[in-house]
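Working notes for the structure below.
The values are calculated or read from the model by the stated rules, or taken from the named source; none is laboratory data. Just so you know, these numbers come straight off a predicted model, no measurement behind them. Cβ coordinates were reconstructed from backbone atoms using ideal geometry, including for glycine residues, and neighbour counts include every protein chain displayed. Just so you know, the surface numbers come from the protein's heavy atoms only, side chains and all, with ligands and any DNA or RNA stripped out. Shrake-Rupley method; radii C 1.70, N 1.55, O 1.52, S 1.80 Å.
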Amino acid sequence: MRTRLVAGNWKMHTTVREAHDLAAGVRDRLAAADGADVVVCPPFTALAEVGRTLAGSPIELGAQDVHWESHGAFTGEISAPMLWDLGCTYVIVGHSERRHLLGEDDETVRRKVAAALAHELIPILCVGESLEERDGGRTERVVQTQVRIATLDVPPDQAGQLVIAYEPVWAIGTGRPATGAEAGRVAGLLRGWLREWFGEAAEAIRILYGGSVTPETIGEFAAQPEVDGALVGGASLDADAFARIVWAVATKDSSGAP
Ligand code: 13P
């Protein structure tokens with residue numbers, strides 16, 4: 001009942017020209033993609049161009065962050081109505097790089113999730129434990145707290161729109177992904193908590209895995225029943241690799257080959 005989803009987080013990469021070329025490459029490879037929703041999240045500066053490049057294709061546009069207010073004196077920030085105006089349908093919220101490198105806390109993430117939903121953007125809420133938290137046996141508590149606080153303002157009738165990306169910090173950009181079993185275990189726990197908080201709506205919430213996902217590693221994650229897709233960093237900067245990941249998720253084919 002949940003449509004699988006693959007999101008590419010381009011992070012702070014690509015000029016406008018490079019973003020155009022990458023988006024065109026993804027678009028051309030995935031023209032007939034079905035079996036999974038696909039979204040690319042370029043930097044803010046390339047959103048308009050990538051939106052034009054993807055026009056008429058099934059690939060959707062997402063941003064990497066959003067401010068919680070819709071307008072005002074917030075120098076350097078970008079609001080949900082501005083993203084919507086550019087054609088965005090998704091926005092990443094609470095990415096670990098923002099939490100750990102830029103000081104974003106759970107309270108901030110909560111406000112951003114609410115702002116996204118209030119303006120018809122689907123939040124991709126990122127959660128995950130650090131290596132220290134994992135080694136200390138605190139994974140469950142950390143992930144549960146992050147999701148609980150972030151979703152406190154989500155009305156039950158909107159909860160089904162949420163996307164949650166479990167991205168263990170130690171797996172991001174390290175070439176050392178979690179195992180499929182680890183990702184599946186945390187996704188299962190997440191589903192259980194979401195049921196407690198949101199009832200039936202929890203069944204519609206998509207749970208992604210992120211952290212060193214490649215065409216070679218995606219099969220393990222795609223095979224997990226509670227994992228509904230992937231949030232891809234480095235490999236999303238290569239149109240071929242990204243398309244192979246989408247293919248593997250869409251078909252649940254562990255070979256990852258189109
Ligand atoms: P990598 O796929 O490069 O590990 O990054 C994951 C990520 O942070 C996606 O948001």
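Brief remarks on what is shown
- Residue satisfying condition, being of a type in the set (D, E, K, R), surrounded by fewer than 18 Cβ atoms within 10 Å (Cβ to Cβ), more than 16 Å from the ligand (Cβ to nearest atom) and modelled with pLDDT under 95, within set ASP34, ASP21: ASP34
- Test: ARG134 is of a type in the set (D, E, K, R), more than 15 Å from the ligand (Cβ to nearest atom) and open to solvent by less than 20 Å² (accessible area, probe 1.4 Å): no
- Looking only at the range 72-98, and only at residues there that are more than 24 Å from LEU54 (Cβ to Cβ) and without any contact (Cβ under 8 Å) to a residue 40 or more places away in the chain, the one that is nearest to the ligand (Cβ to nearest atom): ARG98
- Exactly one residue among ARG176, ARG191 is more than 19 Å from ILE92 (Cβ to Cβ), assigned to a loop (DSSP other than H, G, I, E, B) and touching a helix residue (DSSP H, G or I) at 6+ places or on another chain (Cβ under 9 Å), and that residue is ARG176.
- Filtered residues of the range 217-234 (kept if away from the ligand (no atom under 12 Å from the Cβ), among the hydrophobic types (A, V, I, L, M, F, W, C) and either closer than 11 Å to PRO177 by Cβ or assigned to a helix (DSSP H, G or I) (or both)): ALA222
- Any hit, the range 108-121, residues being assigned to a loop (DSSP other than H, G, I, E, B), open to solvent by 70 Å² or more (accessible area, probe 1.4 Å) and not hydroxyl-bearing (Ser, Thr, Tyr): yes
- Qualifying residue in the range 185-206 (condition: within 11 Å of the ligand (Cβ to nearest atom), in contact (Cβ under 8 Å) with a residue 24 or more places away in the chain and closer than 29 Å to ALA23 by Cβ): no
- When residues of the range 183-207 are limited to those that are over 18 Å from the mean Cα position of the chain (by Cα) and charged (D, E, K, R), the one surrounded by the most Cβ atoms within 10 Å (Cβ to Cβ): ARG185
- Where VAL143 falls short, out of the listed (1) away from the ligand (no atom under 16 Å from the Cβ); (2) in a helix (DSSP H, G or I): (1)
- Residues being open to solvent by less than 40 Å² (accessible area, probe 1.4 Å) and either closer than 14 Å to VAL93 by Cα or not aliphatic (A, V, I, L, M) (or both) - total across the range 155-173: 9
- Among the conditions (1) open to solvent by 10 Å² or more (accessible area, probe 1.4 Å); (2) closer than 25 Å to GLN158 by Cα, GLY210 misses just one, which is (1).
- The residues on offer are ALA250, ALA241, and the sole one that is part of a helix (DSSP H, G or I), within 14 Å of the ligand (Cβ to nearest atom) and more than 21 Å from HIS100 (Cβ to Cβ) is ALA241.
- Filtered residues of the range 49-106 (kept if open to solvent by 60 Å² or more (accessible area, probe 1.4 Å), of a type in the set (A, V, I, L, M, F, W, C) and assigned to a helix (DSSP H, G or I)): MET82, TRP84, LEU101
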